[in-house]
Amino acid sequence: RGVIKLKIFRAVIFFCLYLIFTNSIAADKSKIINKLNSIDNIQFKFTQKTNENIEKGKCVLVFPNKLKCNYEDKNRKELIVNKKMMAITQKRYEKTLFYPLSKSTFINILSKNELIKIINDSSTIINDYINIVFIDSNKSKTLIRFDKKSFLLAGWVSSDQYNNQIIFEIKITSVNQMINDNVFALPSKG
C-alpha cells in the first residue's frame, strides 16, 4: 500500500509541476506578444556567428518587412530588406546581389503578425533565453530567441543552405524611434 501511495503522490507532484511549467510558458508567450504589439521598430547591434566566422554590425528593423544592417567588415557589407526583396551589397567591390525575401528565414521574423503566429503555434525551450522553436515547410528549424527579463527579441539560431549553424545575437539599443523610410531604399539593379 505504501508503494502505491508513493506512486500516486509522485504522479500528483509531477502533474502539478507540469501545469505550473505549462502556465509559465503560456504567460511568457503572452508577455512576448504584448511587447511585440507595442513595437513598431527597433535598432540594435548584432553579432553573427557562422562556424568560426564572426561578423558584427548595426541594424534597424521596421515592422513589417523592412531591415537595414551595416556590417563592420573590410567589405563594408550592407543588407537591405524592403518588403519582398533583399539586397546584399559589398560596397568595397560595388557589387550587389538581390534575393527574393521568400527564400530567407528573415521573412518570418520581419513580419510582426507572422512572428506572433509562430509564437502562438510553436513549442518553447527555456534556457538562457525563451526560445520559440519554428520549423518551416522545408523542415528547417529556427530558434527565435527572446530575453527572459525584457521579453524583447534577442536573436535567432538557424542554418544556411550549406547546413552551417548561424547564431544571430542582438542587443537592442532603441525602440520606436523616428526612422526615415529612405533608409530602406534598395540599390538600383544594373
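The values are calculated or read from the model by the stated rules, or taken from the named source; none is laboratory data. Because the structure is predicted, anything quoted here is derived from the model rather than measured. Positions of Cβ are backbone-derived with ideal geometry, glycine not excepted, and every protein chain shown enters the neighbour counts. Areas reflect the complete protein model, heavy atoms only, side chains present, ligands, DNA and RNA absent. Shrake-Rupley method; radii C 1.70, N 1.55, O 1.52, S 1.80 Å.
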Applying the selection to the range 80-126, what residues are among the polar types (S, T, N, Q), in contact with a helix residue (DSSP H, G or I) (Cβ under 8 Å, 6 or more places away or on another chain) and not in a strand (DSSP E or B)? ASN108, ASN120
Exactly one of PHE15, PHE44, PHE21, PHE9 is among the aromatic types (Phe, Trp, Tyr) and modelled with pLDDT of 90 or more, and that residue is PHE44
For the range 104-123, which positions are more than 18 Å from PHE168 (Cα to Cα) and either modelled with pLDDT under 85 or hydroxyl-bearing (Ser, Thr, Tyr) (or both)? SER122, SER123
Restricting to the range 39-79, what's the tally of residues that are in contact (Cβ under 8 Å) with a residue 12 or more places away in the chain and part of a loop (DSSP other than H, G, I, E, B)? 11
In this structure, is LYS74 of a type in the set (D, E, K, R), exposed (fewer than 14 other Cβ atoms within 10 Å of the Cβ), out of contact with any His (no Cβ under 7 Å at 6 or more places or on another chain) and more than 22 Å from GLU114 (Cβ to Cβ)? yes
Tell me, please, whether a residue that is of a type in the set (A, V, I, L, M) and either under 23 Å from ILE125 (Cβ atoms) or modelled with pLDDT under 90 (or both) can be found in the range 67-86. yes
Within the range 174-190, residues being assigned to a loop (DSSP other than H, G, I, E, B) and open to solvent by 50 Å² or more (accessible area, probe 1.4 Å) number 9
ILE80 vs. criteria buried (at least 17 other Cβ atoms within 10 Å of the Cβ) and touching a strand residue (DSSP E or B) at 6+ places or on another chain (Cβ under 9 Å): yes
Of all residues in the range 149-173 being surrounded by fewer than 14 Cβ atoms within 10 Å (Cβ to Cβ) and at pLDDT below 90, which is nearest to CYS69 (Cα to Cα)? ASP160
Test: ILE109 is over 17 Å from the mean Cα position of the chain (by Cα), on the phi < 0 side of the Ramachandran plot, open to solvent by less than 60 Å² (accessible area, probe 1.4 Å) and not aromatic (Phe, Trp, Tyr): no
Going by the conditions given, is GLU94 over 21 Å from ASN163 (Cβ atoms), loosely packed, with under 14 Cβ neighbours inside 10 Å and modelled with pLDDT under 90? yes
Would you check if LYS29 is under 18 Å from ILE119 (Cβ atoms) and at pLDDT below 90? yes
Report, by residue number, each residue of the range 48-57 that is in contact with a Lys or Arg (Cβ under 9 Å, 6 or more places away or on another chain) and exposed (fewer than 15 other Cβ atoms within 10 Å of the Cβ). LYS56
